[in-house]
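Here is the structure we will look at.
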Amino acid sequence: AQTVTQSQPEMSVQEAETVTLSCTYDTSESDYYLFWYKQPPSRQMILVIRQEAYKQQNATENRFSVNFQKAAKSFSLKISDSQLGDAAMYFCAYRSAGRKGGATNKLIFGTGTLLAVQP
Amino acid sequence: EPEVTQTPSHQVTQMGQEVILRCVPISNHLYFYWYRQILGQKVEFLVSFYNNEISEKSEIFDDQFSVERPDGSNFTLKIRSTKLEDSAMYFCASSEGLWGRNTEAFFGQGTRLTVV
């Protein structure tokens, strides 16, 4: 079974600085997707960034980028130029690509990292 | 921008009562999901639904739970006889497909269920 581990329950960053949130996962599959979701105080889950495991290039979305290390099963999120609106719970999630019969499209989430942004 | 809509935003129910949580997925999406988040804990998968049947469910999704797409637009989660431990935030999500770019799951804003 796949697992996702986020070892940092809480992180803090100064406004305009850069912060990196860690995520490791365990799987025997070779094809899968990885995601970072943001959950602000409103509790809605918002997709921040996604990475396909077959792509070597790290995904980037504006101020958000990932460091995907497939061999190490590591998937960290870097937030550059942090803003007050980035304060939220961040969840790392895994999804099987399931191309070889029996696709499973459920997301497996980590326990989350609560990010505080200091003005 | 299309979005997943959930109602109500907050539901309080007495233990043992039935409760129905409602969701309107994005209109061209074919795959629907329910997830649960107990306060302070991680988000857990409950069930996925495709082509009018359950495609996968977790061990949490026991006989007390059921899902339905009654009218082609709504997607509901029913809990037959609520327990205190069912208190949680319930998220509905939908995705267009299984492969490639359209695998992204869009989440609703959640329904907070409180069982008293």
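The values are calculated or read from the model by the stated rules, or taken from the named source; none is laboratory data. Keep in mind the model is a prediction, meaning the values are calculated, not measured. Positions of Cβ are generated from backbone atoms using ideal geometry, with glycine treated the same way; all protein chains shown enter the neighbour counts. To get the accessible areas, we keep the full protein, side chains included, count just its heavy atoms, and leave off ligands, DNA and RNA. Shrake-Rupley method; radii C 1.70, N 1.55, O 1.52, S 1.80 Å.
Nearest 100 Å², what total accessible surface is buried between chain B and chain A (probe 1.4 Å)?
2100 Å²
How much net charge surrounds A:LEU84 when only the other residues with a Cβ under 14 Å from the Cβ of A:LEU84 are counted, with Lys and Arg +1 and Asp and Glu -1? Intermediate results must be reported in sequence, preceding the final value.
Numbers: positive: A:LYS38, A:ARG63; negative: A:GLU15, A:GLU17, A:ASP81, A:ASP86.
Overall, the nearby charge balance is -2.
Please average, across the residues of B:87-93, the number of beta carbons from any other chain that are within 10 Å of each residue's own beta carbon, and give a whole number.
2
Among B:58-65, A:2-9, what's the highest-first ranking by average C-beta atoms within 10 angstrom per residue? Intermediate results must be reported in sequence, preceding the final value.
Values: B:58-65: 13.1, A:2-9: 14.9.
Descending packing order for the listed peptides: A:2-9, B:58-65.
Tell me the per residue accessible area of region A:1-67 using a 1.4 Å probe; a whole number in Å² is fine.
Averaged over the residues of region A:1-67, the accessible area is 53 Å².
Would you mind checking which residues have amide H under 5 Å from A:ALA116's amide H? H placed 1.01 Å from N; only 5 or more apart, or other chain.
Amide H neighbours of A:ALA116, under 5 Å, 5+ apart: A:MET11, A:SER12, A:VAL13.
For a label point 7 Å from the Cα of B:SER27 along Cα→C-beta, name the residues of region B:56-80 whose backbone N is under 12 Å from it.
What the label zone holds, given the 12 Å backbone N cut-off, is B:73.
For A:LEU84 and B:SER81, what is the calculated FRET efficiency with R₀ set at 41 Å and r taken between the beta-carbons, to the nearest 0.05?
Here the calculated transfer efficiency is 0.40.
Determine, for each peptide in B:103-114, A:42-53, the mean count of other beta carbons within 10 angstrom over its residues, then list the peptides with the highest first. Intermediate values should be presented prior to the final figure.
Numbers: B:103-114: 20.5, A:42-53: 17.7.
Highest-to-lowest ranking by the protection proxy: B:103-114, A:42-53.
Once you average over the residues of B:105-113, how many Cβ atoms of partner chains fall within 10 Å of each Cβ?
4
Taking beta carbons within 10 Å but only from partner chains, what does the mean come to for residues B:37-50?
4
Subtract the Cα-Cα distance of A:SER74 and A:SER7 from 0.36 nm times their separation in residues, and report this length gain in nm to one decimal.
Stretched out fully, the A:SER74 to A:SER7 stretch lengthens by 22.9 nm.
List the residues of region B:70-86 whose backbone N lies under 19 Å from a point placed 7 Å from the Cα of B:THR13 along the Cα-to-Cβ direction.
So the set is B:70-71, B:74-86.
Percent relative contact order of region B:2-116, based on C-alpha pairs within less than 8 angstrom and at least six residues apart?
38 percent
Tally up the carbon and sulfur contribution to the accessible surface of the protein assembly as shown as a whole percent, 1.4 Å probe, everything protein left in place.
47 percent
Of the cross-linked pairs A:LYS78/B:LYS83; A:LYS70/B:LYS78; A:LYS78/B:LYS42, which ones have a Cα-Cα span greater than 32 Å in the structure shown?
A:LYS78/B:LYS83; A:LYS70/B:LYS78
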